[in-house]
1. Under 12 Å from the mean Cα position of the chain (by Cα), away from chain B (no Cβ under 14 Å) and more than 21 Å from B:Val297 (Cα to Cα): which single residue out of A:Val226, A:Val168 fits that description?
2. For region B:216-227, name all the residues that are open to solvent by 60 Å² or more (accessible area, probe 1.4 Å) and on the phi < 0 side of the Ramachandran plot.
3. Please work out which residue is modelled with the lowest pLDDT, limiting yourself to region B:461-493 and to residues that are in a loop (DSSP other than H, G, I, E, B) and open to solvent by 30 Å² or more (accessible area, probe 1.4 Å).
4. Can you name the residue in region B:145-177 that is among the β-branched types (Val, Ile, Thr) and not in a loop (DSSP other than H, G, I, E, B) and is also nearest to B:Gly24 (Cα to Cα) among such residues?
5. Quick check: is even one residue across region B:60-82 at pLDDT 95 or above, touching a Lys or Arg at 6+ places or on another chain (Cβ under 8 Å) and basic (Lys, Arg)?
6. Name the strands (runs of 3 or more DSSP E) wholly within region B:1-117 that hold at least 1 residues that are within 14 Å of another protein chain (Cβ to nearest Cβ) and polar (S, T, N, Q)?
7. Within region A:311-338, how many residues turn out to be within 17 Å of A:Ser215 (Cβ to Cβ), within 13 Å of another protein chain (Cβ to nearest Cβ) and open to solvent by 10 Å² or more (accessible area, probe 1.4 Å)?
8. Write out, first by first residue and then by second, each pair whose Cβ atoms fall under 7 Å of each other, whose residues are 6+ apart or on separate chains, and whose first residue, in region A:416-437, is closer than 16 Å to A:Leu462 by Cα while the second is open to solvent by 40 Å² or more (accessible area, probe 1.4 Å) and β-branched (Val, Ile, Thr).
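The values are calculated or read from the model by the stated rules, or taken from the named source; none is laboratory data. What you see is a predicted model; the values in this text were computed from it and never measured. A quick note on method: Cβ atoms are made from the backbone with ideal geometry, for glycine too, and the neighbour counts reach across all protein chains shown. Keep in mind that these areas ignore ligands, DNA and RNA; they rest on the heavy atoms of the full protein, side chains included. Shrake-Rupley method; radii C 1.70, N 1.55, O 1.52, S 1.80 Å.
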Amino acid sequence: MTPLSPADVTTMSASALADALVAGDVSSAEATGAYLDRIAAVDGAVHAFLHVDADGALATAAEVDRRRAAGADLHPLAGVPLAVKDVVATQGLPTTAGSRLLQGWVPPYDATIVARIRAAGLPVLGKTNMDEFAMGSSTEHSAYGPTHNPWDLDRIPGGSGGGSAAAVAAFEAPLAIGTDTGGSIRQPAAITGTVGVKPTYGGVSRYGLIALASSLDQAGPVTRTVLDAALLHELIGGHDRLDSTSINAPTPAVVAAAHRADVAGMRIGVVRELGGEGYQPGVRARFDEALALLTGAGAEVVEVSCPHFEYALAAYYLILPSEASSNLARFDAMRYGLRVWPEGKPEASAEDVMLATRAAGFGDEAKRRIILGTYALSSGYYDAYYGSAQKVRTLIARDFEQAFTHADVLVSPTAPTTAFRLGEKLDDPLAMYLNDIATIPANLAGVPGISLPSGLADEDGLPAGFQALAPATHDDRLYRVGATLEALLADRWGGPLLDRAPVLTGEVLA
Amino acid sequence: MISYEEALQTFEPVIGLEVHVELGTVSKMFCGCATEFGAEPNSQVCPTCLGLPGSLPVLNGAAVESAMRIGLALGCSIAEWCRFARKNYFYPDMPKNFQTSQYDEPIAYEGAVDVEVDAGTVTVGIERAHMEEDTGKSLHVGGATGRIHGASHSLVDYNRAGIPLIEIVTKPVTGADARAPEVARAYVGQLRELLLALGVSDVRMEQGSLRCDANVSLRPRGSDVLGTRTETKNVNSLRSIERAVRHEICRQAEVLLAGERVVQETRHWHEDTGVTTSGREKSDAEDYRYFPEPDLVPVAPSREWVDRLRATLPEPPHARRARLQQAWEFSDLEMRDVVGAGALELVDKTIEAGAAPQAARKWWLTELARRARADGVELVELPITPGQVAELQALVDAGRVNDKLARQVLEGVLAGEGSPEQVVAARGLEVVSDDGALGAAVDRAIASNPDVAAKIRDGKVAAAGALIGAVMKELRGQADAGRVRELVLQRLG
C-alpha cells in the first residue's frame, strides 16, 4: 500500500488517524509533524492559533511512539494531536484567554481536562484564539486579532471559540477543545462546518477553565466528525473532585452511541420558538432537509413549544455579566498578568494600579459586560435584574422538562445565519448577541447540545448548522442523532461537507 | 472626657459582638493547603487559595462539621439547606477580589448563651454563625506605625488566605446596662472556653485565631430605639475588649452630650493609649454585590448528621466548671483563678493523673505560671505535661524529694531532660533518708556544735533547727529533713 502523505494524515478523521497509528501506518511524530507543517502553511491567513508548541507536541508524540513500540497499553487516541482553546490552563504553555491582561501568563498547573489529555498521550499542538474571556460570537473581540473563517477568509469563524473551530476546519488540528457558555462551541461549529458538543453541565470538569460565567461554562469537543467528538468527550468527561459542580457519575456511553447511529423510534422535537423569523432561508432549508432525512431513518418528528425561550437571551445577558463581573475581578495586576502604572503617578497606590491596569487591559466587550453585571448585582437592583433572571432560568429549565416528556431530543438550527463578514456586527452588540439565540437555552438549563453541519446555504454557499439538545446526563442521545444525520448527509453529498471547503493554498493564502 | 458614671446617667449602652474564629482544621476551607501558623510566607498556597485563573473551590467537610458543632453548642438551629455567597470588593490581600462567605443563608442561626458576670447571668442572643474564608495578611513596610498610611510598600502573605473562619454574631445586647463592658469581656471569654472544649480552634487571640469586633451604641434612657453604632476593631485580648467598650461608651456619650451625632464607622482600638480612633466610614450603602457562589453546591446536612453531632457535644463549660469546683472543693476565688489562668484543662488532667486537687492547682498557678510569664508563653505551651506534674507531686508525696528539690526537678523537666523520675536519677536529686548516712551526718553535726547540742539536751527543742540546717548543708539539701529531726532528737532527747 502507498504510504500516507501529510495531506492524507491531516484530512483524515481523528478516529481514522488513531487506527492508522495503531496499525503502524504512520507514527505520532509524523502525524504531529504534518499538522505542525499545516499550521505553518495556513495559520498566517487563518490565525486560529495564539501559541504553537511544536517542541512540546513533538516530544509527546515521540514518547507515545516509543511507548507504542514497547508494547504499552495506550489510550485509543494516544498520539493524535489536538489544539486547546486559550481559556484552558496549560502548565508551561502561555494562557491568555484572548486578553491583554494575561499576555505572557504561564499557568503553574494544568486544567483537569488537560491533565487527562496529557495522561492519554495526545500531543498539544498549541492554544487557539478566542474572543476575550470568551465574550463574543465572532472571535473579533480577541486582543490578538481576529481568526478568519477557512470557508471565506473575509468572514468570521464564529465565537467565542472561533480559533478551535477554524483550526479543525482548516485541517490544522484533528481535534480541539472548546468551551461553551452560551454557544461558544456550537455556533462556531455551525459557522465553520465542523462538529461541536457542549456536554451536560457538570459532565466535564471546569477546573482550570478561566471562568466567564461559572454556572454556564462547559468544556467540550470540537471535531470534524461525530465519532471524533464522542472519543474526545469520553476522554475529558467524568467526575473530578476538584470541581464541586462536577457530576459524580460515569460519562454516558457516547462512543457506543456514535457507533450505533440509529434513530429508529426516536421522538425528535422541533422547538417552535427556535426557527422561523430571523433565521436565514438557506439555514432553514438545510434544517428542514435534515429533519426529512431523520424521518426517513425512522424517527418521529413532533413539534414542541418552549414558551419562555423568548426571554432566554435577556436572562442570559443578566446572569452572565453578573457572574463575569465577579469572576474577572481577580485580574488586578497584583499577582500575575499585565500591570499598568498610572501615568504621572509615581506614588500610585495599589488601587490606582488596579484601575489603570483594568482600564488598559480589558477590551470594550469585557468592560461592557463587567459594567452590566456590576449594575445588575447592585443593591436595590439585584431583585429586579439578577433575581428575575434566575426566575426566568427556572422557567426555561421547566420548559425543557416539559418538552422532554414529548420528545427524546429537541432540534433547531444552531445559529440563525451563516458566517457574516468581519467587522459587520462589531459595532452592534445586540445584533452580535442574537447569534446565540438558539444555543443559550441549553446553557441556562444545563442540558447538553451538539451542532453538526447540515449543508451549505443556497444564498451564500456557506455552512449551516443543525443543533440537537438532550436532557441532562443523556448526552449519548446527541451522538445517536448526530451520527445518523452525519451518515445520511455524507451519502447525499458523497463525502464530508468539509471536502467542499475552498483549498487553502496558493492564491487564497496570498 | 466624661466619666463612665456620667455617661450612664443619661444613656443606656447597647453592645453587639462579632467574633471571627479560625478553625483548627488541617487544611484550608476550599483547598488542601496546610493551615499551620507561622510558616514561611506564601509557602502554604496553591492555585485555588491564590485565586489563579481557572481554579475552583472545594468545600472542607471538617470545617462544615466544626461550624455545626459551634452552632449547636451555642443553641442555634442548623440550616437544612444553605449556600455560600460571594462578597465582592477589591483589596490586594483578597486573591479573587471576592470573599467566599455565607450571607443570608448561615449554617447556624438563632441561638443564645448565658454569660456569667459577677452580679449574675446575662443572656446573649446569637444571631448567626456562618462560614467564610480568611483573607491574606498585608504587611505595610516603611511607615512608622505598621499601618498603610505612610508605608512605602506592602507585602502580602497568602498563607492565611482561605483559612476557614466562623463568624459568630450576637444580637444587640440590651440588658447589660452598666455591666456592658464586663458582659462583652465575659461573653468572649466564655466563647473562647467553649471553642476550646469543642476542640475546633486554638483560640489564640494574640495570634489572631480569635478576633473580636465590638459594636457599641448608646440610646437615651427609656428609649427603645437603637442609636448609631460604631464597630471597634483590633481588640486582641479579653482585657482590651472590656476597656474598648468602656472607652467607646464614654466617647459616644461625650459626642452626644455635645449635641453632635455619632458617625457610623469602623474604629481602631489602641492598646497603648486606651482610646479608639476613626477608621474608614462604614455606611450601609457599602455595596458588596452579594450573590450565590456558583462554584459551590449547596450545603444540606442530613438531620442524622446534626443529631449525631448534637449527641457528642462536650459538657457545657459552665456546667463542667460547677461540677469540677464541687469535686475539687475549690473556693470561688481559687476556681476563678484557675479559669482565668487558662489552667482548667491542665489542672483537670493533672488531677486525673493522680495529683491531689490543691497540689495540682498550686503547681500550675505558682511555679509554672511564673515560668510561663517569664517565657511569654501560655501555660499550655510549656514543655511539660499534666502527667509529668502529677508524677512530680507523687515524688513529693512519697517524701522522695522535698519542695526545694522538687523545683529543681521541675527545672530539669522544663529543660527537656526527661520525666521527673529521669531527672531525679540523672541529677541525683533524691533526698537521703538512709539512716546510716543520715545518722553519721547527725553525729558529725552534734560533734561540731556542742553548745547547740547542750541546749537541746536542756529541752530547748527549737534549737534543733541549727543542727538540721548543718546536716542539710553537708548533704547539699538532699536530706529528708523530717527524718534528720527525728534522729537529732533521738540522740539528744
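1. A:Val168
2. B:Pro220, B:Arg221, B:Asp224, B:Val225, B:Leu226
3. B:Gly493
4. Applying the first criterion (among the β-branched types (Val, Ile, Thr)) to region B:145-177 yields B:145, B:148, B:156, B:163, B:166, B:168-170, B:173-174.
In the following step, the residues that additionally are not in a loop (DSSP other than H, G, I, E, B) were identified as B:156, B:166, B:168-170, B:173.
Details: B:Val156: 22, B:Ile166: 11, B:Ile168: 16, B:Val169: 20, B:Thr170: 22, B:Val173: 29 Å.
That would be B:Ile166.
5. Within region B:60-82, not a single residue is at pLDDT 95 or above, touching a Lys or Arg at 6+ places or on another chain (Cβ under 8 Å) and basic (Lys, Arg).
6. Numbers: elements: B:11-22, B:85-88, B:98-101, B:108-117.
Answer list for region B:1-117: B:85-88, B:98-101.
7. Result for region A:311-338: 1.
8. Every condition considered, the pairs that remain are A:Pro416/A:Ile437.
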